Structures are given as C-alpha cells and as structure tokens.
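The values are calculated or read from the model by the stated rules, or taken from the named source; none is laboratory data. Just so you know, these numbers come straight off a predicted model, no measurement behind them. A quick note on method: Cβ atoms are made from the backbone with ideal geometry, for glycine too, and the neighbour counts reach across all protein chains shown. For accessibility, only protein heavy atoms count, side chains too; no ligands or nucleic acids. Shrake-Rupley method; radii C 1.70, N 1.55, O 1.52, S 1.80 Å.
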Amino acid sequence: MRYVTTPGQLACWLVMAATSVCPQLRADTLIYSEPASSPDWAKPIEIHYKGLSLQAILKDISDRYGVSVLADGAPVLGKTTIDFKGTLRDSLDIVADAFDYAVSVHKSGIVSLMKKFNDPDDLPQLVPAEIRQTAADMLAILPDQPSDTSDPPLLWASWLRQLARRLPADILDGMKNGKSYAFSDLTPDIQRSLADVLAWRAFGVARSAWDRLYRQLDRFEQSTLHAKKKGAFIAADTGKTTTSYSVLHQANGVNGAVIETELGIFQREEIK
Amino acid sequence: MRLRNAGRFRTLNLLLAATALAVAPKAARCQSDQAPSSATEDTKLNTRVSLALDSVTLADIAASISKQAGMTLIPSAAVRDRRVTARVTGISVRGVLDTICETYDWRWYRQSQDSYVLDRRIIRRPQDLSRIPELMQTALPVDFRMFASLPNLKTKKPDERTGQTAAQRSVQTKFRGMNGLRSSLTGVFNSRDSFGVQEMSPRQREDLLTWLVFTNLDRSMELLHNDAGPHQIRPTQITISLGNKNTGLMLNTTPDVNPGFGFGTQVFFPDGRPVP
C-alpha cells in the first residue's frame, strides 16, 4: 500500500475539504476568475483632464483602460484639472487623491473609491434609514441602562449627587480633610450606587445618545419643525413687537413616542 | 521508508486542508451563513454585468443587476438609499456583490431561488464588555469610521487618546448643520409655525440631519476610540474624594490603573452636607 499524493490530488483534496465544510465556497467560487480582462495596472499612461468632475474622469478611465470602478457618494470638489504621466494605478491614485478619495483594488477586479475626509467640509452620507439601523445596532451592543435623552445626558452626575447625600458623616469629614476612600472602604449600598454611576458613565452616555437618535429618525420623513413662542418685547421707539421662538424638531415614532429636539432660538417681527 | 514518507505527506495534506478551512470562512465573509441550494441556481451569480450609473442609489444598482442577470437582488431598507457611482464592465454578479460588501462591510445572501439580499452585518451584544468598542466600530457605516478617524484597536496604545479630536470634529460639524439650518429657516418661520421635513429643500434636510446625527455621535467617541475611560475599569478600581475646593465629588482610578483618569460632578456643602 503506497500513500503518494500528486500535486493535482492535493489540490482536489483541499477543494473537497473546503467545500464540504463551507458550502459557500463552491467550486465555481474557488476557481472563477475575475475579471474577463484585468486592467494592466503597470501600463504607462498620460492623463490630461481640464475642469472635469470625478464622474466624468472615472467614465473616461473606465472606457479607455477597462477599469471597473465603484465610488461612494459625491466629492465636495466639483471639478478639477489633472495632468499626470505614470502607471495606470498611479494615475487612478492621483485622480482619487485630487477628490479626497482612497483607492482599493478588490479580488473581483473592481476598484472602490472611498472618501478620506481630509476636507473639513466633507460629510459621510446621511441616509436616515442606515443611520437609524446603526443606532439600533448600537443599542443592541451597549448594555441596558436607563435612558436620558436630554442634551448632554448627565444622569450619572445626578446619581452621583444623590450618592453624595447618602455618604456617612465620617467619610465626608475625611474627604474634606483631603482623604480619599477606596471602594472597599464604603458600605455595600454606597458600593452599589458607585458601581451604577460608573456603569452609566461608561455606557449610558453613548447609549442615551443612540437612543435619542434612533427616536429622532423614527419616521423621519413625517417629522416636523415647530416654532414655540418663548417671549416678546416691544421696541419703545418704533412700537414694533419682536417675538422669540424656540424651533423644535418633533418626531412622532411608530409606537407613539414623541421626541422634541431644540434647534435654536429665532426671532420675528410681528406684522400688524 | 516509503510508507513513513507517505505518512508525512498525509500529515502535510491534513495540515494544508486544515489551513484552507481556517481561511475559507474569511474568503466567504461577505456571504451569509445560508448555503446556496444548488449549483444551477447559483449560475445567475456568474452572469457578467455592466453598470454605467452616475450618483445613483444602491436600489438603482440592484435593479440594474437584477434586470441583466434575470434574478432579484433586494437591498435592505438600511442600505438601499446609499449613493454611488458605478462604472463596471463585464464583472460577475458575485464579483460585484462581493466588492460592494467588502467596500461597505456588509453581507449578501441567497433568500430563495434567484432572490438575493444585500444588507448590513448582523450585530449582537457581546458577552465580554471589552469587545464593545470593536463592535461599535463595526456597527458604524464605513464612511463614518473614516470621518471619525477610528483607530485600529489592535495596534492602538492604551495611553493614546484619539477620541477627543474626533469629538471636536463632530461638534464643529453639528454647529455647521445648525448654522445652515438657522439661516435658511429664518424666513420660513416669519409666516408659519410648523414646517414638515418633506417640505424642506435637500440642503435644509441635510443640515437638519447633520445637526441631529453629530449632536449624538460625539458622545460615543470615547468608546469608539477605546480611549482610557470608565468602560475599561471595574468599580473596585475607583476611589472617591473631594476636588475643586471641596465642591466636587471625584471618582479617580486606583494607582494600578494605567493610564489613570478621573471624573466627577459639582456637589455643594452649604451646611456641611451635600445638596443636589
């Protein structure tokens, strides 16, 4: 009996073993080759673009050199001028960098362009449904804590003041004389309160913020801004009345929960 | 001798197979746990598609792929409105889906015959609290991770504090949204008391979302950056004392915590006892 394995047998062995345990890795996944004709990244090229948008430049590079591209969002910079001589890959990097994007080449042969956010005016995409799901995921990750949707969320500080009122006189006196107390020096109920303060400060701040955002974006398209009267004054010289309004964003969630967020104070002159 | 060599070879084969299996799930990371039911059903994933779409939503991309490949690709509600530009020529559906998922850290999976779903990854609460920063990073959309300059938590040094700069950027951004909204709404509320989001211009809508999102995002930077903070310690690693001329109750870390930190709040003592 001879156990001799040829390289071909070895390859089959590996494929069989991998696909039997991980069915997603079917033979067509393992051996499919992408793309049909991969661009020659080392090919020397010259690019001259005058006052063109990222989209126009990507279209040209895609058409001329067979590069498949996926670019996220839209750049802050509308149009630019680029003159460059180098490899195809370097040229793509230059174009991407000009629009504040980074390049990644994927196994599929597609190139993806993601923003680098070096431009202080640039923002991530603000898609309400995606951000709301992000908030839901954050709430799934963070430990359960009572929610404080005020801004800033400072429930832990309120708890700490309540804890201070329950501290024994000898500990208060000691602290006033500059002494500090270890956790083990405290009574069990103070220890529990301290642990609650610590846990809320650790996770409750972030959790409350995501909870608030989740509610603010609940049925976002149906949400409204309201002007709420705060006060008024009459100018002595002109007799005109100027009224101050607080503008609030109000979201009415699917479960009937209402959350209001103050956006700022506005003034308007009453028209008589 | 030959048998002994053969035995070694067999051991080598097993080791190589084990290595392949260890790597396999990573290669299939973009896909779901559901296995495709048959190779024939999967052939549509090998259909080569082309896309020439500027600044469209993922829903538009999915519609184009579905039409070309004779299948149904469903983007979930959470991902369908993200905007992209796609210039793709002759790439398989599987290649396009893998690239989208690698780019956005999403997943795709087969829902039923010829029907596939594109979605965010499933995130569950960790057993170990120390994994929370890592999972929060994963939950954040990829462009937000870049915006917030999230560090690689595997290589970040414990005493590095990177979250404050990101929090400042978040705060500056929220004020930009608020200022934009204020200037564009001043006239609106001269003549009415209520204004629906659906009536807003795209710019006003973006300003409102900017204000709402970044007001909340900066509260998570300490965790997202895993900066030294309360989430890293146990209650037994805390001492209490008075600070700020005896008006603040302080929680400080014990000397064994490195890097140490403290936090507290104002507590007043008008007659020897603290009051709220």
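Calculated FRET efficiency, residue A:237 and residue B:261, Cβ-Cβ r, R0 60 Å, to nearest 0.05?
0.60
Probe 1.4 Å, all protein chains in place: accessible area of residue B:44 in Å², nearest 10?
Accessible surface of residue B:44 is approximately 60 Å².
Averaging sequence separations of C-alpha pairs under 8 Å and six or more residues apart, then dividing by the length of region A:71-204, give the relative contact order as a whole percent.
Relative contact order for region A:71-204 comes out at 19 percent.
Relative contact order (percent) for region A:128-272, with alpha-carbon contacts under 8 angstrom and 6 or more residues of separation?
Relative contact order, region A:128-272: 23 percent.
Which whole-Hz ³J(HN,Hα) couplings does region A:71-77 yield from phi under the Karplus relation 6.51 cos²θ - 1.76 cosθ + 1.60, θ = phi - 60°, glycine and proline marked x?
Ordered by residue, 3J(HN,Hα) equals 10, 7, x, 10, x, 5, 6 Hz.
What whole number of Å gives the distance from the Cα centroid of region A:213-272 to the Cα centroid of region A:85-147?
About 34 Å separates the Cα centre of region A:85-147 from the one of region A:213-272.
How big a patch of accessible area, both sides summed and in Å² to the nearest 100, lies buried between A and B at a 1.4 Å probe?
Accessible area lost upon association: around 11000 Å².
Under the rule a/c < 1.5 gives rounded, and otherwise a/b versus b/c splits prolate from oblate, where does region A:127-258 land using the Cα gyration tensor?
Note, shape of region A:127-258 comes out oblate.
Among DSSP bridges having both ends in region B:59-171, what percentage is antiparallel? Round to the nearest 5.
Here the antiparallel bridges make up roughly 60 percent for region B:59-171.
Can you list which of the trypsin sites (Lys or Arg not before Pro) found in region A:144-173 are DSSP loop residues with at most 15 other C-beta atoms within 10 Å?
A:166
What are the ³J(HN,Hα) values, in whole Hz, obtained from phi via the Karplus relation 6.51 cos²θ - 1.76 cosθ + 1.60 with θ = phi - 60°, for each residue of region A:95-108 in sequence order, with x given for Gly and Pro?
The phi angles translate into 4, 4, 4, 4, 9, 6, 10, 10, 9, 10, 9, 9, 4, 5 Hz.
In terms of modelled amide H atoms, which long-range or inter-chain residues lie less than 5 Å from the amide H of residue A:228?
Under 5 Å from the amide H of residue A:228: A:246, A:247, A:248.
Starting from the amide H of residue A:38, placed 1.01 Å from N in the peptide plane, find each other amide H under 5 Å away whose residue is 5 or more places distant or on another chain.
Here the answer is none, since no amide H 5 or more places off falls under 5 Å of that of residue A:38.
Could you calculate the FRET efficiency of residue A:116 with residue A:244 from 1/(1 + (r/R0)^6), where r is the beta carbon distance between them and R0 is 45 Å, rounded to 0.05?
The computed FRET efficiency comes out at 0.60.
If you roll a 1.4 angstrom probe over the protein chains with everything in place, what fraction of the accessible area of region B:125-276 belongs to carbon and sulfur, to the nearest %?
Summing carbon and sulfur atoms, their accessible area is 50 percent of the total for region B:125-276.
Tell me the accessible surface of residue A:81 in square angstrom (1.4 angstrom probe, heavy atoms of protein chains only), to the nearest ten.
80 Å²
Indicate the residues belonging to region A:151-170 that lose 20 Å² or more of solvent-accessible heavy-atom surface (probe 1.4 Å) upon moving from the chain alone to the assembly of all protein chains, ignoring ligands and nucleic acids.
The answer is A:151, A:156, A:160, A:161, A:164, A:165, A:167.
List the residues, sorted by chain then number, that are 5 or more residues from residue B:74 or on another chain and whose placed amide H is less than 5 Å from its amide H.
Residues meeting the amide H criterion: B:116, B:117, B:118.
Report, to the nearest whole %, how much of the accessible area of region A:43-86 belongs to carbon and sulfur atoms, 1.4 Å probe, protein only.
54 percent
Using only protein heavy atoms and a 1.4 Å probe, report how much of residue A:218 is accessible, in Å² to the nearest 10.
We get 10 Å² for residue A:218.
Mind checking which aspartates and glutamates have their Cα closer than 14 Å to the Cα of residue A:79? Skip sequence neighbours fewer than 8 apart in that chain.
Result set, ordered by chain and number: A:97, A:100.
Can you compute 3J(HN,Hα) from phi for each residue in region A:47-60, using the Karplus curve 6.51 cos²θ - 1.76 cosθ + 1.60 with θ = phi - 60°, rounded to whole Hz and x for Gly and Pro?
Computed from phi, the couplings for region A:47-60 are 10, 9, 10, 10, x, 10, 7, 4, 4, 5, 5, 5, 4, 5 Hz.
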